[in-house]
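Here's the structure, in structure tokens; my notes come after.
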Amino acid sequence: MNINVAQECPQCGAATTLTESDRLLTCSFCGVKNFLQPAGIFRYLLPPTIEEEDTSYLLIPYIRFKGTVFLVTDKGLSHKVVDTTQLAVNVPGLPPSLGVRAQAMQLQHLDPATHAQFLIRTLEPKAILHKAAQISHLTAKAGKNLFHRAYIGETLSVIYLPLIQTEHGLLDAVNRHSLSADTSTRLKNKALKSTSFHPQWQPSFLASLCPHCGAELEGASDSLVVHCFVCDRCWKMDEKGLQEVRFQVVDDSVRAGLYLPFWKLEASIPVLNISSFADFIACTNQPMLPHPDWKKKPMQFLVPAFKLRPKVFIQAGRQATLGQWKLPEGKGKKRTDFFPVTLSLSEGRQAIKIILAASAASPKRIFPHLPKVRAVVKGAGLVYLSFNDQGHDWVQPHTGVAIGKNILRFGRQM
Ligand SMILES: [Zn+2]
Ligand SMILES: [Zn+2]
């Protein structure tokens with residue numbers, strides 16, 4: 001489930017609401033489009049319901065992760081969708097999780113004007129994700145030998161819970177429950193470090209204009225990649241601003257109903273001696289004879305660049321990667337509606353090992369090597385594959401990748 005965040009238009013100040021996955025803000029009042037540019041991790045505040053003048057809040061950090069945990073063990077590949085908001089400091093007595101509060105309320109960006117002290121987190125996101133994986137009982141069901149674990153998801157953010165000192169003691173400033181005397185004492189411990197607001201925590205805004213030609217950029221509000229249909233370039237947003245992304249469009253003879261984006265990652269895996277597509281076919285023990293020219297074809301991983309349920313994500317990535325030899329060369333770029341990119345390039349890179357594991361026809365030959373596998377990515381770009389409408393499914397004609405229409409809709413809300 002998405003959380004909602006109050007947002008002001010940087011141009012005219014009109015109030016609007018964004019979801020945590022929205023990056024492109026189109027003001028319904030003045031019509032100006034702006035990108036929300038993260039400054040590292042996004043930080044939000046659970047809005048206090050108690051406001052007292054001259055009182056400063058103590059803000060408690062929680063790590064929010066929404067995504068999929070993948071595990072590769074001797075029993076195979078398992079996965080679980082995780083949506084969690086966990087306490088990021090070691091102070092017993094504080095709510096261990098924000099539960100549904102983060103989803104039920106409209107969150108705010110941090111306001112530099114608020115008098116507040118921010119408790120510095122003592123638990124790193126990795127430790128919290130590890131705990132979340134255990135909570136999900138994924139580890140219990142999986143086998144004994146863990147070969148690889150990956151967290152793939154778009155959302156990793158910090159949500160602060162405000163506490164306030166009143167005459168009745170320390171209170172949760174949202175639900176007004178008082179904290180135990182023990183917890184209050186622990187929070188006064190000098191060993192716990194806190195800080196005031198850092199200006200660099202504030203996300204900034206970037207005009208949605210093409211850095212190459214100055215035309216207005218187009219994209220859905222939750223798209224991480226936007227297109228300029230004037231100079232036919234495509235851009236991704238990251239902390240450094242807008243970066244150009246190479247892209248291609250693969251068409252079919254019939255008019256496509258939809259173009260779905262895949263990250264095309266040219267990568268070698270030295271530990272397994274994979275550098276060409278022929279190496280990959282041999283190494284993963286595919287029941288097919290490699291064509292002689294596959295030795296000259298550099299290995300490419302095709303990873304869905306949009307959110308999908310884990311099972312469908314793995315299937316689509318595996319099938320597109322194994323079927324890449326059937327795809328015609330990407331040609332001229334079409335000015336058409338592209339499905340939004342909602343899975344970032346860095347998440348796509350993390351999926352390489354999962355796609356490799358999923359492609360292994362003889363897992364015993366691949367899985368034990370996974371801890372040592374380092375993919376060397378030599379080139380990255382996007383490829384939009386044409387999909388045809390076949391009733392309940394969208395089907396890619398060359399590779400046979402099929403994605404249910406309801407699954408695609410659901411992925412936008414993941
Ligand atoms: Zn506006
Ligand atoms: Zn342009």
Count of region 43-74 residues which are hydrophobic (A, V, I, L, M, F, W, C), modelled with pLDDT under 90 and more than 30 Å from Ser362 (Cβ to Cβ): 2
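Confirm whether Asp251 is more than 16 Å from ligand 2 (Cβ to nearest atom), among the acidic types (Asp, Glu) and not assigned by TED's automatic domain parsing to the domain that holds Pro112.
On the way: more than 16 Å from ligand 2 (Cβ to nearest atom): yes; among the acidic types (Asp, Glu): yes; not assigned by TED's automatic domain parsing to the domain that holds Pro112: yes.
Taking the combined requirement at face value, the residue satisfies it.
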Where the second residue is among the charged types (D, E, K, R) and within 16 Å of ligand 1 (Cβ to nearest atom) and the first is not assigned by TED's automatic domain parsing to the domain that holds Pro304 and lies in region 202-229, which pairs have Cβ atoms under 6 Å and are six or more apart or on separate chains? Ser208/Lys33; Ser221/Asp22; Asp222/Asp22
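Return yes or no: is Glu8 within 16 Å of ligand 1 (Cβ to nearest atom), under 30 Å from Leu171 (Cα atoms), surrounded by fewer than 16 Cβ atoms within 10 Å (Cβ to Cβ) and not hydroxyl-bearing (Ser, Thr, Tyr)?
Details: within 16 Å of ligand 1 (Cβ to nearest atom): yes; under 30 Å from Leu171 (Cα atoms): yes; surrounded by fewer than 16 Cβ atoms within 10 Å (Cβ to Cβ): yes; not hydroxyl-bearing (Ser, Thr, Tyr): yes.
Yes.
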Taking Glu154 as meeting all but one of (1) at pLDDT below 85; (2) part of a helix (DSSP H, G or I), write down the number of the exception. (2)
Under 8 Å between Cβ atoms, which residue pairs at least 6 apart in sequence (or on different chains) link something in region 366-379 that is not assigned by TED's automatic domain parsing to the domain that holds Leu345 with a partner that is buried (at least 16 other Cβ atoms within 10 Å of the Cβ)? none
Just name the residue that is nearest to ligand 1 (Cβ to nearest atom) out of those in region 197-246 that are within 30 Å of Leu45 (Cα to Cα) and β-branched (Val, Ile, Thr). Val226
Enumeration of residues in region 248-268 that are in contact with a Gly (Cβ under 9 Å, 6 or more places away or on another chain) and at pLDDT below 95: Gln248, Val249, Val250, Asp251
Test of understanding: among Leu59, Leu77, which residue is closer than 24 Å to Thr195 by Cβ, more than 16 Å from ligand 1 (Cβ to nearest atom) and not in a loop (DSSP other than H, G, I, E, B)? Leu59
Somewhere in region 266-286, is a residue closer than 30 Å to Lys66 by Cβ, buried (at least 20 other Cβ atoms within 10 Å of the Cβ) and under 25 Å from the mean Cα position of the chain (by Cα)? yes
Which of (1) without any contact (Cβ under 8 Å) to a residue 60 or more places away in the chain; (2) more than 24 Å from the chain's Cα centre (by Cα); (3) surrounded by fewer than 16 Cβ atoms within 10 Å (Cβ to Cβ); (4) closer than 26 Å to Pro162 by Cα does Gly99 not meet, given it meets every other one? (2)
Going residue by residue through region 36-56, is there one that turns out to be within 30 Å of Phe147 (Cα to Cα), surrounded by 14 or more Cβ atoms within 10 Å (Cβ to Cβ) and of a type in the set (S, T, N, Q)? no
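With the requirement that a residue be free of Cβ contacts under 8 Å to residues at least 12 places away in the same chain and within 30 Å of Val373 (Cβ to Cβ), what does region 239-282 give you?
So the first thing to find is which residues in region 239-282 are free of Cβ contacts under 8 Å to residues at least 12 places away in the same chain, and the list is 240, 243, 253, 255, 273, 282.
Lys240, Gln243, Asn273, Ala282, listed by residue number.
Determine whether Gly317 is surrounded by fewer than 17 Cβ atoms within 10 Å (Cβ to Cβ) and either touching a residue at least 60 places away in the same chain (Cβ under 8 Å) or on the phi < 0 side of the Ramachandran plot (or both).
Values: surrounded by fewer than 17 Cβ atoms within 10 Å (Cβ to Cβ): no; either touching a residue at least 60 places away in the same chain (Cβ under 8 Å) or on the phi < 0 side of the Ramachandran plot (or both): yes.
Here the answer is no, as Gly317 does not meet what is asked.
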Those strands (runs of 3 or more DSSP E) lying entirely in region 169-238 with at least 2 residues within 16 Å of ligand 2 (Cβ to nearest atom) and either surrounded by 14 or more Cβ atoms within 10 Å (Cβ to Cβ) or under 29 Å from the mean Cα position of the chain (by Cα) (or both): 204-207, 225-228, 233-238
Step by step: first the residues of region 1-31, then only those that are more than 17 Å from Leu110 (Cα to Cα) and without any contact (Cβ under 8 Å) to a residue 60 or more places away in the chain, then the one that is nearest to the chain's Cα centre (by Cα). Which residue is that? Cys27
Helices (runs of 4 or more DSSP H) wholly inside region 320-409 that include at least 1 residues being crowded, with 19+ Cβ neighbours inside 10 Å and in contact with a Gly (Cβ under 6 Å, 6 or more places away or on another chain): 352-359
Filter result (touching a residue at least 40 places away in the same chain (Cβ under 8 Å), part of a loop (DSSP other than H, G, I, E, B) and not polar (S, T, N, Q)) within region 104-133: Met105, Leu110, Asp111, Pro112, His115, Ile120, Arg121, Leu123
Working only within region 98-127, note down all residues that are among the β-branched types (Val, Ile, Thr) and modelled with pLDDT under 80. Thr114
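The values are calculated or read from the model by the stated rules, or taken from the named source; none is laboratory data. Just so you know, these numbers come straight off a predicted model, no measurement behind them. Because the Cβ atoms are built from the backbone with ideal geometry, glycine has one as well, and the counts that use them run over all protein chains shown.
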